[in-house]
Amino acid sequence: MANEKSIILKIQRQPGPDKASFWETFEIPYRKNMNVISALMEIQANPVNAQNKRTTPVAWECSCLEEVCGACSMRINGRTQQACSALIDELEHPIVLQPMAKFPVVRDLHVDRSRMFEDLKRVRAWIDIDGTHAAGPGPLISPHRQALMYILSRCMTCGCCLDACPQVNSRSPFIGPSAISQARLFNMHPTGAMHKDLRLRALMGPGGVTDCGNAQNCIHACPKNIPLTDSIADICRQTTRLALFGSLRK
Amino acid sequence: MIPITATAEHTATDTVPVHFKLRKLHSLFGIIPVGLFLIEHLSVNSLAATAGGERVFNAAVGVLRGLPYLIVIEILFIMIPILFHGVYGVFVTTEASVNTGAYRYGRNWMYVIQRVTGLFTFIFVVVHLWNFRIASMINPDLHVTFDLVRQHLAVTWVMVFYIAGVLASVFHFANGIWNFCVSWGITIGPRAQRASAWACAAVGLALSFIGVNALLAFVGKALIISI
Ligand code: SF4
Ligand code: SF4
Ligand code: FES
């Protein structure tokens, strides 16, 4: 054991939502091909900190383990990414783990991302179908449009873009880039476009698309390579057009 | 079952939200008229950097002061837009945060500098107005002339403060044009945004040069004198 390599993890912990946070360091044995989740599992199996004191196991959230569910987002060495796809061999050491700062902490690295779900509801991020009768095949969508829609549809509500965005913070009601991008996606769909204006109006109020500061961190932070800044500017165009020409029609 | 009747919701939300109007007005005012005024102001200043220098500058100031309806123009097209842009801008800045430590991207820096230069320009404009415009309103004998400006700028720290003020306001304006193009949906993709960034940089560099050159001209240190 003594001559084996080990990994140092510095973890920002918090026992509960209203509790104070503190740092705890762990030293765990190195294995090949580890990722941050497997390192955390190591602590879970043997919750002893670097001072050789027994402690509570570190809590985190994960599900798919292949970067498609978005549950395991956390700050790794200061930047938010998925813990499951963060390979130990590629990280700078010691590894610093923190919960995302833009969401309420549930416990340790586990945060509550439900605001993102509320935001999706706010922009009507779905297509209305009443389902009482067969409406027949929908309108055709060009392959070019499908390709872009597919990219936009890959958002996994992981929160990386919100955590990286300087305009998303406790002093600002800004909805953040992901919901704006989803509004664009559903506005692109021929059936979804029937409720285009409702999505746009939701994004014209306080905390809407106007509150983006164009820092463009979001596009660098998104693990799904979603063209968020295009989406934001596109929604800017749609809202501007609605405001200018919508009111001129009345 | 989700009802498909959007009409009820539509009529309830059929006006442009006040928030949207305020943000768009803030963005528009930064370019028109405030940005245009900045260009005009720096151009008139630049008369100090001509062969005619003092005489030409004083003549131009005389013309401007003799404009008909000057007070209306000043209040409507300069004071109110600047005040709104400035005060609302300070409010917008309170919603910002800085994370350039973890996210060291050019745009993220521009985002921070845009806010810092905005706040500094606000202070600069207040001081500048106080020194010249307000002072000459309080004291009708005080005329803004080449000589008055020269006396001010002869003090080194005042000169430094003015150079900083010109550079801050020019940066804020040039980068503001870039932001304007995004937030009005003019430039959408990365290519278009890169092209507009170059254009805005060119505007910024040119205005910085003529602005600073004019300031230096008042103390006889102009880098270029045009004939
Ligand atoms: S571009 Fe807008 S949404 Fe994206 S990080 Fe910057 S401020 Fe946030
Ligand atoms: S847009 Fe990207 S970073 Fe943001 S929530 Fe979706 S997948 Fe995550
Ligand atoms: S566990 Fe699903 S993205 Fe990491």
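The values are calculated or read from the model by the stated rules, or taken from the named source; none is laboratory data. Everything numeric in this text was worked out from a predicted model, so none of it was measured. Glycine also receives a Cβ, built like all others from the backbone with ideal geometry; neighbour counts cover every protein chain displayed. For accessibility, only protein heavy atoms count, side chains too; no ligands or nucleic acids. Shrake-Rupley method; radii C 1.70, N 1.55, O 1.52, S 1.80 Å.
The table below lists the values:
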{"read-out": "Helices (runs of 4 or more DSSP H) contained entirely in the stretch A:124-216, each with at least 1 residues that are open to solvent by 40 Å² or more (accessible area, probe 1.4 Å), more than 16 Å from ligand 2 (Cβ to nearest atom) and within 9 Å of chain B (Cβ to nearest Cβ)", "value": "A:196-202"}
{"read-out": "Selection count, the stretch A:125-174, where residues are among the charged types (D, E, K, R), closer than 30 Å to residue B:19 by Cα and under 18 Å from the mean Cα position of the chain (by Cα)", "value": "1"}
{"read-out": "Residue count, the stretch B:123-132 (criterion: open to solvent by 80 Å² or more (accessible area, probe 1.4 Å) and of a type outside the set (Val, Ile, Thr))", "value": "1"}
{"read-out": "Residue match in the stretch A:43-57 (condition: within 17 Å of residue A:221 (Cβ to Cβ), among the hydrophobic types (A, V, I, L, M, F, W, C) and in contact with a Ser or Thr (Cβ under 9 Å, 6 or more places away or on another chain))", "value": "no"}
{"read-out": "Total residues in the stretch A:73-85, condition within 10 Å of ligand 3 (Cβ to nearest atom) and either under 16 Å from residue A:220 (Cα atoms) or in contact (Cβ under 8 Å) with a residue 60 or more places away in the chain (or both)", "value": "5"}
{"read-out": "Breaking point among (1) in contact with a His (Cβ under 8 Å, 6 or more places away or on another chain); (2) aliphatic (A, V, I, L, M); (3) within 30 Å of residue A:228 (Cβ to Cβ), for residue B:188", "value": "(1)"}
{"read-out": "Some residue of the stretch B:89-106 being more than 16 Å from ligand 3 (Cβ to nearest atom) and away from every other protein chain (no Cβ under 14 Å)", "value": "no"}
{"read-out": "Count - residues of the stretch A:224-250 that are within 16 Å of ligand 2 (Cβ to nearest atom), within 7 Å of another protein chain (Cβ to nearest Cβ) and hydrophobic (A, V, I, L, M, F, W, C)", "value": "1"}
